[in-house]
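Following: one structure in structure tokens, then a few remarks.
Just so it is clear, none of the values below were taken in a lab; they were calculated from the coordinates. Here the structure is a predicted model, which is why all the values come from computation and not from measurement. In this analysis, Cβ positions are derived from the backbone assuming ideal geometry, glycine residues included, and neighbour counts consider all displayed protein chains.
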Amino acid sequence: MSAYLVEDNRKVTVPRVKAMKTEGKKIAMLTAYDFTTAGIVDHAGVDIILVGDSAANVMAGYPTTVPISIEEMIVYARSVVRGVQRALVVCDMPFGTYQVSAEDGVRNAVRIMQATGADAVKMEGGESIVPTVRRIIATGIPVMGHLGLTPQSINSFGTYGVRARSQSEADRLLEDARLLEEAGCFAIVVEKIPAELTSKLVDRLSIPIIGIGGGPADGQVLVIDDLLGKNTSFSPKFLRRYADLNTIMTNAIGNYVSDVKSGDFPNEQEHY
Ligand code: KIV
């Protein structure tokens, strides 16, 4: 039996997420992409469900997050929203939907909110997206930032290695985080950065810092397929696997195949 703890069954809102930092309550965030899984994640007490563009990798099988379209993200996010009662649902804005112009960004953020019923959007990047972030927030849409390893820029980075190890990159990231907070972001995800830098961000910013491969922070986020051990080929240092679904699913499906082939399934109780 899990030891999850839901202190409060009220719907998680953006002001409540911000208050969790001041109250010293850690934020548990996890991805989901479909109705059934979202219901389980919500019931287990996760505070924020991210419909991440990691759906590109784990749902659609693209090699990076670059190809996923807004239409695909809308289908995943809609399904998640239908399965959730308590958690705040955040939908990633996919690559190309906010980098062209602020107008384009606002139009696409509005489309995502209207078509999915999500509570907020997440966007990757620092100073260069601040004018767009401001416009989206002014429209009434809460924005979560994302700094450090920003997978939509993989073609510029070249690798998925740790970011902001150098002093100049760390200083840039601290300034980007400050600008995102000033622009009105309600939280920032930091991916694959040194723990010392995350700690500085936690101390300097009044909004929650949510880490993935960034060490201790105001909250943590993982990709659900990684946490559940569905994908055995992805084993970064920061990942803690809470289950071995790959083995459980392979064994269960293998047993089903054997039972069908042997004629054991269906038996007399399993038909009309
Ligand atoms: O797309 C995603 O799942 C994410 C998380 C890794 C933070 O952005």
field: Those lysines that a straight Cα-Cα span of less than 25 Å connects to Lys21, excepting residues fewer than 8 apart in one chain
entry: Lys11, Lys122, Lys192, Lys200
message: Can you tally the net charge around Val84? Count Lys and Arg as +1, Asp and Glu as -1, for every other residue whose Cβ sits under 14 Å from the Cβ of Val84.
response: +1
- prompt: Using only the Cα atoms of the range 158-272, what do you get for the radius of gyration and for Dmax, in Å?
  reply: 22.2, 70
task: Based on alpha-carbon positions alone, could you give the equivalent ellipsoid semi-axes of the range 21-95 from the gyration tensor, as √(5λ), descending, whole Å?
output: 23, 14, 10
Fraction of the pair-distance distribution of the range 41-199 above 22 Å, Cα-Cα pairs, percent: 41 percent
Stretch in the chain that is longest and holds no trypsin sites (Lys or Arg not before Pro) that DSSP places in a loop and that have at most 10 other beta carbons within 10 Å: 11-236
- request: Could you line up Leu50, Leu30 from fewest to most neighbouring Cβ atoms inside 10 Å?
  value: Leu30, Leu50
MRE, 222 nm, helices only [DSSP H, n ≥ 4, -39500 (n - 2.57), over the chain, to nearest 500]: -12500 deg cm²/dmol
- prompt: Relative to the first principal axis of the alpha-carbon coordinates of the chain, what is the inclination of helix 70-83, with its axis defined by its Cα atoms, in degrees from 0 to 90 and to the nearest 10?
  reply: 70 degrees
Neighbour-count order for Thr65, Thr159, fewest beta carbons within 10 angstrom listed first: Thr159, Thr65
- line: Inverse of <1/r> over all distinct C-alpha pairs of the chain, i.e. the Kirkwood Rh in Å, gives 19.5 Å
- request: With everything on Cα atoms, drop me the angle between helix 167-183 and the longest principal axis of the chain, reported from 0 to 90° to the nearest 10.
  value: 90 degrees
task: Quote the relative contact order of the range 118-272 in percent (integer), defining contacts as alpha-carbon pairs under 8 Å separated by 6+ residues.
output: 16 percent
- request: With the Cα gyration tensor of the range 226-272 in hand, give its eigenvalues times 5 under a square root as the equivalent ellipsoid semi-axes, listed largest first in whole angstrom.
  value: 34, 10, 5
- request: Quote the relative contact order of the chain in percent (integer), defining contacts as alpha-carbon pairs under 8 Å separated by 6+ residues.
  value: 15 percent
query: Within straight cross-link reach of Lys261, meaning Cα distance under 28 Å, which lysines are found once same-chain residues fewer than 8 apart are removed?
result: Lys230
- request: Averaging sequence separations of C-alpha pairs under 8 Å and six or more residues apart, then dividing by the length of the range 185-272, give the relative contact order as a whole percent.
  value: 18 percent
